[in-house]
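A.B. asks: Here it is, the structure, as structure tokens.
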Amino acid sequence: MEIENSTVVKEFILLGLTPSRNIQLLVFVLVLIFYLIILPGNFLIILTIRLDPGLTAPLYFFLGNLAFLDASYSFIVAPRMLVDFFSEKKVISYRNCIAQLFFLHFLGGGEGLLLVAMAFDRYIAICRPLHYSTVMNPRACYALLLALWLGGFVHSIIQVALILRLPFCGPNQLDNFFCDVPQVIKLACTDTFVVELLMVFNSGLMTLLCFLGLLASYAVILCRVRGSSSEGKNKAMSTCTTHIIVIFLMFGPSIFIYTRPFRAFPADKVVSLFHTVIFPLLNPMIYTLRNQEVKASMRRLFNQLLA
């Protein structure tokens, strides 16, 4: 009850991506087209992996979960942003703002840990091939999946718990097109220095450590692959290169947003747009376009649907 009584603000006004109607219309058209083309592609990836008995390896199990996480992540911000383009006053309630923030970091944290699991899978497959079937058995894959969901939940609930303890008594204008930690914290009617440090540690430092750890692990894998003369060398190089591309797309914007003090920069909204709308939809497609087995399976499924 004390938390609710200390919060006078019942809604936040989103200032949006830009005040220019022409730019808003352009972004609306581009995002809508992108959304309608790429989102069904993500669901096709999930369906293909589920239906094809030849895609049962842990790599495809994790790829299917990545497509599911990214598709779910894209529903948190993009639909409301598209609707708000036609609203003069973009309002979100306090409860909905907290819910949006929770799911944003819940799924985002889970996806970051999923990329760690995929790096572990590639390390075992390439550096310890004789132990691969033993280590990456179905039980281990489901255990890793459960761990990443729990990790995302713990990461997000810490963020929400810290914000719920802050009093909001006005102003209530968020200089963004969605609710996120940096903008919400700045509206609190109290000194937020300690909370900001905790947030930077919870989001920024953990993101940076995961990013550096992933790069180090793939550096080891690539060195091992380069010294190999096996027939699967090119395939392993292609897979690892794809993973590294997605790691930069996933962690680059997060590091930019969360590893610094919560001050506004001109590029923040553009980075947030790519981080919350564009990149989540692109990640599974990048994996798929560089994976011959999944592409061949998708073509077979597509032909069966048309037959």
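The values are calculated or read from the model by the stated rules, or taken from the named source; none is laboratory data. Nothing here was measured: the structure is a model prediction, and the numbers come from that model. When we count neighbours, we look across all protein chains shown, and the Cβ atoms used for this are built from the backbone with ideal geometry, even at glycine. Ligands, DNA and RNA are excluded from the accessible area calculation, which covers all protein heavy atoms including side chains. Shrake-Rupley method; radii C 1.70, N 1.55, O 1.52, S 1.80 Å.
A.B. asks: Any residue in the stretch 71-93 that's at pLDDT 85 or above: show its pairings with residues that are loosely packed, with under 12 Cβ neighbours inside 10 Å and not aromatic (Phe, Trp, Tyr) at Cβ separation under 7 Å, as long as the two are six or more apart or on different chains.
C.D. replies: Pairs found: Ser93/Lys10.
A.B. asks: For the structure I just gave you, tell me whether Asn96 is surrounded by 14 or more Cβ atoms within 10 Å (Cβ to Cβ), out of contact with any helix residue (DSSP H, G or I) (no Cβ under 8 Å at 6 or more places or on another chain) and in a helix (DSSP H, G or I). Before you say what the answer is, go through the steps one by one.
C.D. replies: Values: surrounded by 14 or more Cβ atoms within 10 Å (Cβ to Cβ): yes; out of contact with any helix residue (DSSP H, G or I) (no Cβ under 8 Å at 6 or more places or on another chain): yes; in a helix (DSSP H, G or I): yes.
Yes; evaluated as a whole, the condition is true for this residue.
A.B. asks: Still on this structure: Within the set of pairs 6 or more residues apart or between chains, which connect a residue that is closer than 17 Å to Ala119 by Cα inside the stretch 142-155 to a residue that is among the polar types (S, T, N, Q) and buried (at least 20 other Cβ atoms within 10 Å of the Cβ) with Cβ atoms less than 9 Å apart?
C.D. replies: Cβ pairs passing all conditions: Leu145/Asn65; Leu148/Asn65.
A.B. asks: Which one is farthest from the chain's Cα centre (by Cα), of the residues in the stretch 17-48 that are of a type in the set (Val, Ile, Thr) and open to solvent by 20 Å² or more (accessible area, probe 1.4 Å)? Even if it seems obvious, please write down each step before you answer.
C.D. replies: Taking the stretch 17-48 first, the residues of a type in the set (Val, Ile, Thr) are 18, 23, 27, 29, 31, 33, 37-38, 45-46, 48.
From what is left, the residues that are open to solvent by 20 Å² or more (accessible area, probe 1.4 Å) are 18, 23, 27, 29, 33, 37-38, 46.
Numbers: Thr18: 23, Ile23: 25, Val27: 21, Val29: 23, Ile33: 20, Ile37: 19, Ile38: 15, Ile46: 17 Å.
Once the filter is applied, the top-ranked residue is Ile23.
A.B. asks: Out of Ser156, Ser133, which single residue is open to solvent by 50 Å² or more (accessible area, probe 1.4 Å) and of a type in the set (S, T, N, Q)?
C.D. replies: Values: Ser156 fails: open to solvent by 50 Å² or more (accessible area, probe 1.4 Å).
Just a single option satisfies the conditions, and that option is Ser133.
A.B. asks: Select from the stretch 233-249 the residues that are under 15 Å from Val116 (Cα atoms) and either open to solvent by less than 20 Å² (accessible area, probe 1.4 Å) or basic (Lys, Arg) (or both) and list them in ascending order.
C.D. replies: Cys240, Thr242, His243, Val246, Ile247
A.B. asks: Residues in the stretch 117-124: is at least one in contact (Cβ under 8 Å) with a residue 12 or more places away in the chain, over 21 Å from Leu215 (Cα atoms) and among the charged types (D, E, K, R)?
C.D. replies: no
A.B. asks: Next question, about the same structure. Would you point out the residue of the stretch 250-286, among those that are open to solvent by less than 20 Å² (accessible area, probe 1.4 Å) and modelled with pLDDT under 85, that is farthest from Val27 (Cα to Cα)?
C.D. replies: Top of the filtered list is Phe262.
A.B. asks: Given the stretch 162-280, what helices (runs of 4 or more DSSP H) lie entirely inside it while holding 1 or more residues that are closer than 27 Å to Gly16 by Cβ and over 22 Å from the mean Cα position of the chain (by Cα)? Steps first, please.
C.D. replies: On the way: elements: 181-185, 193-199, 206-226, 233-258, 268-273.
Those helices (runs of 4 or more DSSP H) span 193-199.
A.B. asks: Moving to a separate point now. How many residues does the stretch 59-93 hold that are of a type in the set (Asp, Glu) and either open to solvent by less than 20 Å² (accessible area, probe 1.4 Å) or closer than 21 Å to Leu36 by Cα (or both)?
C.D. replies: So the count comes out to 2.
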